[in-house]
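The structure appears below as structure tokens.
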Amino acid sequence: MARSLELSQQLRDRFPDLLGAPTEFRGEAALVVADAERIAEVCAAAKESFGFDLLLDLSTVDNYGDDPRWTVVYELYGVKHACHLRLKTSVSEEKSELPTVSNVWRAAEWHEREAYDMMGVRFRGHPDLRRILMWEGYPYFPLRKDFPLAGKPSAMPDVAFSGTAPLEGGPFVTTAGGQDSMAREPRARTFES
């Protein structure tokens, strides 16, 4: 735990004007990168100088209604020192683009494609930025908070269906209302096959 904070402080010392003070939660350190345009530079330093050789995950948070709209989160891990580091940076809706880190970790290629496909955040310099889960030409980004839970109809040629996405009442969708939170829980319902 202390080692993770120590490494994050050393990384902050390398970029004092760019990184905020490290925070710690459950043995994992986190740093906020103030300028999203320099995220690749910070990630390269974290890997090369501080041993964070694995990108475990890259995710996005939709702060709908706030500016900047998106927070991009990089979950890093160092195999030799067994420490976690979380880097966060923000991207505005107007720009919705930041540099790729796929030149630092090849695994970022798939993570960035998913973030683009589901949230619409673009990664400049990515070698193959295209949809990974939805079909090419799909006009929406399904994990945005302004995307309706029931889905949106789409009139795309050559797809299996063009109606609303079949989420309503599915096994992973909570129901509105009910007597208490347990009654709304998807696992509390039974489904006929």
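The values are calculated or read from the model by the stated rules, or taken from the named source; none is laboratory data. Keep in mind that this is a model prediction, so the values were computed, not measured. Because the Cβ atoms are built from the backbone with ideal geometry, glycine has one as well, and the counts that use them run over all protein chains shown.
The table below gives the values:
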{"read-out": "Residue count for the range 36-87, restricted to those that are assigned to a helix (DSSP H, G or I), of a type in the set (Lys, Arg) and touching a Ser or Thr at 6+ places or on another chain (Cβ under 8 Å)", "value": "0"}
{"read-out": "Hits in the range 28-60 - residues which are among the hydroxyl-bearing types (Ser, Thr, Tyr) and within 21 Å of Gly125 (Cα to Cα)", "value": "Ser59, Thr60"}
{"read-out": "Residue list for the range 1-30, filter: out of contact with any Ser or Thr (no Cβ under 8 Å at 6 or more places or on another chain), assigned to a loop (DSSP other than H, G, I, E, B) and not small (Gly, Ala, Ser)", "value": "Met1, Phe15, Pro16, Asp17, Leu18, Arg26"}
{"read-out": "Residues within the range 104-118 that are in contact with a Pro (Cβ under 9 Å, 6 or more places away or on another chain) and in contact (Cβ under 8 Å) with a residue 24 or more places away in the chain, tallied", "value": "2"}
{"read-out": "Subset tally (residues that are modelled with pLDDT of 95 or more and out of contact with any helix residue (DSSP H, G or I) (no Cβ under 7 Å at 6 or more places or on another chain)) for the range 81-91", "value": "2"}
{"read-out": "In the range 1-16, the residues that are buried (at least 16 other Cβ atoms within 10 Å of the Cβ) and among the basic types (Lys, Arg)", "value": "Arg12"}
{"read-out": "Test result for Glu136, touching a Leu at 6+ places or on another chain (Cβ under 9 Å), modelled with pLDDT under 90, exposed (fewer than 13 other Cβ atoms within 10 Å of the Cβ) and not hydroxyl-bearing (Ser, Thr, Tyr)", "value": "no"}
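To keep it simple, each residue is scored yes or no on (1) touching a helix residue (DSSP H, G or I) at 6+ places or on another chain (Cβ under 6 Å); (2) part of a loop (DSSP other than H, G, I, E, B); (3) within 20 Å of Thr60 (Cβ to Cβ); (4) modelled with pLDDT of 65 or more.
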position: Ser102; (1), (2), (3), (4): yes, yes, yes, yes
position: Lys145; (1), (2), (3), (4): no, yes, yes, yes
position: Thr174; (1), (2), (3), (4): yes, yes, no, no
position: Phe191; (1), (2), (3), (4): no, yes, no, no
